[in-house]
Amino acid sequence: MPSSRSIKVKIGNTIVSIYPGEYEKNQKVYRRYSIAYYLGGQRKIESRPTEAEARKRANELATQIARGRANVLSLTNADCDSYVAAMNLLQPLGIPLHTAVEEYVAAHQQLNGESVLSAVKEYAARHRHVVEKKVSEVVAEFLAAKEHDGLSMDHVRTLRSHLTRFSAAFQTGIGSVTARLIGDWLKASGGGPRTRNNIRGSIVSLFNWARAQGYLPKGQPTEADDVGRAKDRGGEIGIFTPKQMALIMKKAPPAHSLYLSLGAFAGLRRREIERLEWEDVNFERGHIIVGKQKSKTATRRLVPIQPNLMQWLAPYKGREGSVISGTKSVEAFIAFVKEQGIDWPDNALRHSYATYRLAATADAARVALEMGNSPAKLFSNYRELADEHDAAAWFAISPKRPKNVVAMAS
């Protein structure tokens, strides 16, 4: 029987008692330490041969009971078998039982009751033929491919700027980069909404190309596709009025008027004008060929030569070589316009052409094709900035300067 002197082990409000005692067997006296505790309203007794072992066990019991985990002490035989089997399965993986259970429950909830194993098998099937590649490796291959495809140097330069920063931030496999990580990086990279959206566009192109090469699972959206666009309310589109443009063209010297007319009456981009050659100007068929090597988007397009533009270009018919000879800076044209007391809004010539051409045709798809833009962008940016009256005045500006130009423009 245990003696009346007891040792108390207390953890929180839980007390486990140890009672030292002796018993006789085969005419020998042995020490015994009885451990007494309550579980489920019932008194339980365990024993240990030494005080040290008794204290250790009492401390374990008190800790488990205090933490509300004492139910593990009352496992049925079937529960014990399940526990042992689970531990044996997890031992080679080095994963604690509670971690495995937590992950399984979370996966089961995400699948809305579908089989976790089926989902894993489907995932494995999709990734079976995926080649693991680091972001930096994919970026290098992507840029080399775009250069080989003949994208304009400006476009490749923009892609290189965006994606070099991206690969420096993600020195890991491209398959490990999630939409959330991309979104957080874009927000932290600074810049306005339009800049972030432009960088996002480059990353989407990269991921789509990587999927086509087998570096990401095929047949499903990429993580970059799931990155939301920044809200870009944009700024006001600045354009010249017909009256302002008539004044500019009247005072412009020939070297200026050629450049200005191509921007104002054909909507060509600055780089497209600088790369244009006279062989690209088809006077007979009435269009300008913007080859894919000279276009920002590396796609060939035909731009119609408006009647007034034909008059501006006519003196140069038969010329060869570059349309804009020598190095002409757009800053010189801007300075000239400002000398006339007229402000130069950002990208004013191209914006003006889009505005008046859309007003004249009421056909966003047609104008978008001429300009190498999307119809949605044309419609959202330039609709209702001008009417047919303004458009007629704009495309009446010519070297002959008919008397009704100023009247129509006022």
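Between a first residue in the range 34-60 that is in the same structural domain as G12 (by TED's automatic domain parsing) and a second residue that is part of a helix (DSSP H, G or I) and hydroxyl-bearing (S, T, Y), which pairs have beta carbons less than 9 Å apart while being 6 or more apart in sequence or on different chains?
What qualifies is L39/S74; G40/S74.
Suppose the filter is aliphatic (A, V, I, L, M), at pLDDT below 85 and in a helix (DSSP H, G or I); does L73 pass it?
yes
How many residues are closer than 11 Å to M310 by Cα and either without any contact (Cβ under 8 Å) to a residue 12 or more places away in the chain or assigned to a helix (DSSP H, G or I) (or both) if we restrict to the range 260-281?
Residues meeting the conditions: 4.
Examine the range 324-339 for a residue that is in contact with a His (Cβ under 7 Å, 6 or more places away or on another chain) and either crowded, with 16+ Cβ neighbours inside 10 Å or in the same structural domain as N381 (by TED's automatic domain parsing) (or both), and state whether such a residue exists.
Checking the range 324-339: at least one residue is in contact with a His (Cβ under 7 Å, 6 or more places away or on another chain) and either crowded, with 16+ Cβ neighbours inside 10 Å or in the same structural domain as N381 (by TED's automatic domain parsing) (or both).
Against the condition within 30 Å of I273 (Cα to Cα) and either of a type in the set (V, I, T) or crowded, with 17+ Cβ neighbours inside 10 Å (or both), how does L186 come out, does it pass?
no
Please verify whether the range 232-241 includes one or more residues that are surrounded by fewer than 21 Cβ atoms within 10 Å (Cβ to Cβ) and assigned to a helix (DSSP H, G or I).
No: zero hits.
Please state which of the following conditions R366 fails to meet, knowing it meets all the rest: (1) within 26 Å of P253 (Cα to Cα); (2) among the charged types (D, E, K, R); (3) without any contact (Cβ under 8 Å) to a residue 12 or more places away in the chain.
Checking R366 against (1) within 26 Å of P253 (Cα to Cα); (2) among the charged types (D, E, K, R); (3) without any contact (Cβ under 8 Å) to a residue 12 or more places away in the chain, the one that fails is (1).
So which of T172, T195 ends up being farther than 30 Å from R269 by Cα and either of a type in the set (S, T, N, Q) or touching a helix residue (DSSP H, G or I) at 6+ places or on another chain (Cβ under 8 Å) (or both)?
The conditions single out T172.
Could you list, in sequence order, the residues of the range 94-109 that are part of a helix (DSSP H, G or I) and either of a type outside the set (S, T, N, Q) or surrounded by 10 or more Cβ atoms within 10 Å (Cβ to Cβ) (or both)?
Selection gives L97, H98, T99, A100, V101, E102, E103, Y104, V105, A106, A107, H108.
Identify, please: which residue in the range 246-287 is small (G, A, S) and buried (at least 17 other Cβ atoms within 10 Å of the Cβ) and is, among those, farthest from W394 (Cα to Cα)?
Here is the first cut: in the range 246-287, the residues small (G, A, S) are 246, 252, 255, 257, 261, 263-264, 266-267, 286.
Cutting the leftovers down to buried (at least 17 other Cβ atoms within 10 Å of the Cβ) gives us 246, 252, 257, 261, 263-264, 266-267.
On the way: A246: 8, A252: 16, S257: 15, S261: 11, G263: 13, A264: 9, A266: 12, G267: 13 Å.
Restricting to residues being small (G, A, S) and buried (at least 17 other Cβ atoms within 10 Å of the Cβ), the top hit is A252.
What residue, among those in the range 371-400 that are charged (D, E, K, R), surrounded by 13 or more Cβ atoms within 10 Å (Cβ to Cβ) and modelled with pLDDT under 75, is farthest from T241 (Cα to Cα)? Reasoning before the result, please.
So in the range 371-400, the residues charged (D, E, K, R) come out as 377, 383-384, 387-388, 390, 400.
Keeping just the survivors that are surrounded by 13 or more Cβ atoms within 10 Å (Cβ to Cβ) gives 377, 383, 390.
Of the ones still in play, those that are also modelled with pLDDT under 75 are 377, 383.
Details: K377: 21, R383: 16 Å.
My answer is K377.
I'm told M249 meets every condition in (1) within 29 Å of R275 (Cα to Cα); (2) out of contact with any Leu (no Cβ under 6 Å at 6 or more places or on another chain); (3) outside the structural domain of P345 (by TED's automatic domain parsing) except one. Can you identify the failing condition by its number?
(3)
The values are calculated or read from the model by the stated rules, or taken from the named source; none is laboratory data. No experiment lies behind these values; they were computed from the predicted model shown. Please note: Cβ atoms are built from the backbone with ideal geometry, for glycine as well, and neighbour counts cover all protein chains shown.
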